[in-house]
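Reviewing the structure listed below.
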Amino acid sequence: MENESQSVLVTTDRMLDPVRRISRPRAAVALAVAVVSDFLSIWTEIALPVQWLLDLSTAGALFLILGRRWALLPGLAAEAIPGVGVFPVWVLVVFSIIVHDEIKVHKRR
């Protein structure tokens, strides 16, 4: 009886706080999207509406690939600042999400 209650407790604990680890193929696709977007944003730095459209579409694509991640919002805000587009902001955002998930998984064990 005691083992059953412990297993239910562990099961509900996992359901309340799931570790959302990104699969390697999704991480690779997200990284590819980020690299292409950062490369194109260097060339669209002069045309701000085109860069805004590129950044919004990149944020939308990463939202679909990675799921709801709060780390995407600061990346979008950083890309909205003129001149920051020359830095690989989206690549850094994707790397930070991947590293954060790895830390959460290892911390959980």
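Some values worked out for this structure:
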{"quantity": "Single match in VAL93, VAL84, VAL89 (criterion: modelled with pLDDT under 90 and either loosely packed, with under 15 Cβ neighbours inside 10 Å or under 24 Å from PRO25 (Cα atoms) (or both))", "calculated": "VAL84"}
{"quantity": "Given (1) loosely packed, with under 14 Cβ neighbours inside 10 Å; (2) within 15 Å of VAL93 (Cα to Cα); (3) at pLDDT 90 or above, number of the condition VAL36 does not satisfy", "calculated": "(1)"}
{"quantity": "Flag if ILE46 is more than 15 Å from VAL93 (Cα to Cα), among the β-branched types (Val, Ile, Thr), part of a helix (DSSP H, G or I) and at pLDDT 50 or above", "calculated": "no"}
{"quantity": "Matching residues, the stretch 23-43, being assigned to a helix (DSSP H, G or I) and without any contact (Cβ under 8 Å) to a residue 40 or more places away in the chain", "calculated": "ARG24, PRO25, ALA28, VAL29, ALA32, VAL36, PHE39, LEU40, TRP43"}
{"quantity": "Verdict on ALA77 being within 17 Å of the chain's Cα centre (by Cα) and over 23 Å from ARG21 (Cβ atoms)", "calculated": "yes"}
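The values are calculated or read from the model by the stated rules, or taken from the named source; none is laboratory data. In this text the structure is predicted, and so the values were computed from the model without any measurement. Ideal geometry is used to build each Cβ from the backbone, glycine not excepted, and the neighbour counts take in all protein chains shown.
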